[in-house]
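A short worksheet on the structure shown next.
The values are calculated or read from the model by the stated rules, or taken from the named source; none is laboratory data. Just so you know, these numbers come straight off a predicted model, no measurement behind them. Cβ sites come from the backbone with ideal geometry, for glycine too, and all protein chains shown count toward neighbours.
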Amino acid sequence: MDDYFGTRVADPYRWLEDADSEATQKWSEAQNQVTQDYLNTPERRQIKTRLEQIWNYPRYGTPSKKGNDYFFWKNDGLQKKYVLYRSSTLNGPAKLILDPNTLHRLHSLDCNL
C-alpha cells in the first residue's frame, strides 16, 4: 500500500515493474497467449483480408519541382512507407530515389557525438 497525503492506495501490480523477474515473464507470456488466441480467429482473418483489398491501391503524394525535376512520394498499395521518386516530367517515367521499406537498422554503427 502507498500513502498519498493520508489516502492509502493499493498497488496490486507493483510486482510487474520488475520486467526481468520470472513471475513477470510468465505473466507476460500468459497474457500474450490469451491475446493471440483472441486475434487468431477466422473472423479476424476475414476482416484483415478485406481491409487489405480495400487499402491495396496506389497512392501518390503531391509532386514538387526542384530544378528541372519533379519529386513525389508513392505507395503501391500495401507498402508500410511511401517511396520517393524523381521524374523529368509529370507524366514521364520515374526513377526510384529512396525506398525506406528496404532500409535496415545498423546495429554495429557507433555514433558517439
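Just to be sure, is Tyr82 under 26 Å from Thr49 (Cβ atoms), in contact with a Gly (Cβ under 9 Å, 6 or more places away or on another chain) and outside the structural domain of Leu51 (by TED's automatic domain parsing)? Yes, satisfied.
Of the residues making up the range 63-77, just one is within 23 Å of the chain's Cα centre (by Cα) and either loosely packed, with under 10 Cβ neighbours inside 10 Å or on the phi > 0 side of the Ramachandran plot (or both), namely Gly77.
Considering only residues in the range 1-28 that are in a loop (DSSP other than H, G, I, E, B) and not acidic (Asp, Glu), the one that is farthest from the chain's Cα centre (by Cα) turns out to be Gly6.
If you go through the range 29-60 and keep only what is in a loop (DSSP other than H, G, I, E, B) and over 24 Å from Asn75 (Cβ atoms), you end up with Asn40, Thr41.
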